[in-house]
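Q: Once you've had a glance at the structure underneath, I'll fire off some questions.
What follows is calculated from the coordinates using simple rules that are stated; it is not laboratory data. These numbers come from a predicted model, not from an experiment. Heads up, the Cβs are rebuilt from the backbone with ideal geometry, glycines too, and the neighbour counts pull from every protein chain shown.
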Amino acid sequence: MEAIAPRIDAEACQGCGACVALCPSGVLAFAGGRLVARQTGCIGCGHCEAVCPAGAVTLPGDDWAASFSTIAPTGQIVPPGGFSPAMLVDLLRSRRSCRRYTGEAVPGPMLEDLVRAAVTAPSGTNSQAWTFTVLTSRAAVMSLGEAVAEFFRRVNALAARPYVRKGLALIGRRELADYYRDHYPSVAAALAEWDRDRTDRLFHGATAAVVIGSRPGASCPAEDALLAAQNMLLAAHTMGLGTCLIGYAVEALRHDRRVAAAIGLPKGEAVHAVVALGRPDVEFLRPTGRRRPLVRYKTA
Ligand SMILES: Cc1cc2nc3c(=O)[nH]c(=O)nc-3n(C[C@H](O)[C@H](O)[C@H](O)COP(=O)(O)O)c2cc1C
């Protein structure tokens, strides 16, 4: 990543020190009564700019997530306590995985806005090293679907051989045996339906998809990508779209270069999530389905 450093307008600075107190990297300080910025170590989080009452500190570059085209955010900050928790919980509980789509295409600008919503997520050391490969048409989704199906044909052919499963288990590698037990039958059935009439048990007929990955070098690439994915799922719901995470596609993209190459992913780019998208052809009438988790409280 290029070195970033906050710019200071010495005339405008009121010397309040809010930016100095907030900078997570200790880049800002007062020297001789003037605010100064070290030229190294800045992670570009923009907290200095966001907190300055005088607009005296700015980060170079645009805030890419500021300009949506299909939605019109006010740009106002919602302070802590300034949004209805009830509405938020209603939204969280209303997002469900969608496995029926109308077939209508998702407009390109909406897909771009979903990426903008995604990148408002936090990322480890603000690395923002996520990547988004946007499949904008049903044909593009089907094409990835075919590459994923080909991968699982090979996996199922291997898993169907008892001596391979047992041999691997003997050397402590139980993945194939576990796969055979947990996934083989449903994958075989899905492949048979795909081959018969293109019934799409993988992407469920979605008309767009986003593969979320990361470039090398991020400190927490998987966490960053999954947080971005959750933002995308929620934003999509508010925009009238259905979504579904597709773990099977992630597996194929991770384990087979041919699948990754089919959507143009360069070597070294990791894949963390695949989000199927489309206009939903299902209406959920009530929220259901969450079990009590294991929660521990420590009071001292
Ligand atoms: C990491 C992950 C992978 C998933 N993979 C698939 C998948 O391959 N196919 C699918 O239909 N649903 C998939 N799902 C959706 C889950 O089945 C779904 O989230 C879960 O049943 C809860 O339902 P809800 O999302 O409607 O609340 C996946 C979800 C997650 C979090």
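Q: With axes computed from alpha carbons, what is the tilt in degrees of helix 184-197 against the longest principal axis of the chain, rounded to the nearest 10 within 0 to 90?
A: Tilt of helix 184-197: around 80 degrees.
Q: Work out, step by step, the length gained on full extension between Arg34 and Arg254: first 0.36 nm times the residue separation, then minus their alpha carbon distance; give nm to one decimal.
A: Here the answer is 74.1 nm.
Q: Sticking with the crude label model, points 7 Å out along Cα→Cβ, report the distance from Thr199 to Ser137 in nm, one decimal please.
A: Distance between label points: 2.7 nm.
Q: For the pair Ala105 and Asp178, what calculated FRET efficiency results from E = 1/(1 + (r/R0)^6), where r is the Cβ-Cβ distance and R0 = 41 Å, to the nearest 0.05?
A: It comes to 0.60.
Q: Can I ask one more? What order, most packed first, do the peptides 239-249, 224-234 have when packing is the mean number of other Cβ atoms within 10 Å of each residue?
A: 224-234, 239-249
Q: Give me the one-decimal nm value for the distance between modelled label points at Val119 and Ala222, 7 Å along each residue's Cα-to-Cβ direction.
A: Output for this residue pair reads 2.5 nm.
Q: Please give the helix 221-238 orientation as an angle from the longest Cα principal axis of the chain, in degrees from 0 to 90, rounded to the nearest 10.
A: Approximately 90 degrees, to the nearest 10.
Q: OK, next. Residue-wise, which Karplus ³J(HN,Hα) couplings in Hz belong to the range 96-108, taking 6.51 cos²θ - 1.76 cosθ + 1.60, θ = phi - 60°, and x for glycine or proline?
A: 10, 5, 9, 10, 9, 10, 6, x, 5, 6, 8, x, x
Q: Moving to a separate point now. Hey, can you rank 92-100, 148-156 by average C-beta count inside 10 Å, highest first?
A: 148-156, 92-100
Q: List the extent of the Cα atoms of the range 7-61 along each of their three principal axes, largest first, rounded to whole Å.
A: Taking max minus min along each principal axis of the Cα atoms, the range 7-61 gives 24, 20, 18 Å.
Q: Okay, next question. I need the Kirkwood Rh of the chain: take the reciprocal of the average 1/r across all distinct C-alpha pairs and report it in angstrom.
A: Hydrodynamic radius (Kirkwood, Cα pairs) of the chain is 22.4 Å.
Q: Counting other Cβ atoms within 10 Å, which trypsin sites (Lys or Arg not before Pro) in the range 168-214 have at most 14 and lie in a DSSP loop?
A: Here the sparse-neighbourhood loop sites are Arg173, Arg174, Arg198.
Q: Okay, moving on. Is the C-alpha gyration tensor of the range 218-283 telling us rounded, prolate or oblate? Criteria: a/c under 1.5 is rounded; beyond that, a/b larger than b/c is prolate, otherwise oblate.
A: Values: a/c = 2.79, a/b = 1.58, b/c = 1.77.
Judged from the Cα gyration tensor, the range 218-283 comes out oblate (a/c at least 1.5, b/c at or above a/b).
Q: Here's a follow-up. Mind giving me the nanometre distance, one decimal, between the label points for Leu92 and Ala188, set 7 Å out from Cα along Cα→Cβ?
A: It works out to 4.1 nm between the two label points.
Q: Taking N as the number of residues in the range 90-205, what is its alpha-carbon radius of gyration divided by 2.2 N^0.38 Å?
A: For the range 90-205, the normalised Cα radius of gyration is 1.41.
Q: While we're here: Chymotrypsin sites (Phe, Trp or Tyr not before Pro) within the range 1-95: which are DSSP loop residues with at most 16 other Cβ atoms inside 10 Å? Provide the component values of the computation, followed by the final result.
A: Values: sites: Phe30, Trp64, Phe68, Phe83; in loops: Phe68, Phe83.
Those that pass, being in a loop and sparsely packed, are Phe68, Phe83.
Q: May I ask you to compute the full-extension gain from Thr299 to Tyr163, defined as 0.36 nm times their residue separation minus their alpha-carbon distance, rounded to one decimal in nm? Don't skip to the end; give the middle numbers.
A: Details: separation 136, 0.36 × 136 = 48.96 nm, distance 5.26 nm.
Additional length available on full extension: 43.7 nm.
Q: Still on this structure, I have one more. Where does helix 138-159 land angle-wise versus the long Cα axis of the chain, in degrees 0 to 90, nearest 10?
A: Compared with the principal axis, the helix lies near 60 degrees.
Q: If you take every DSSP beta bridge whose two residues both sit in the chain, what share of them, in percent to the nearest 5, is antiparallel?
A: 95
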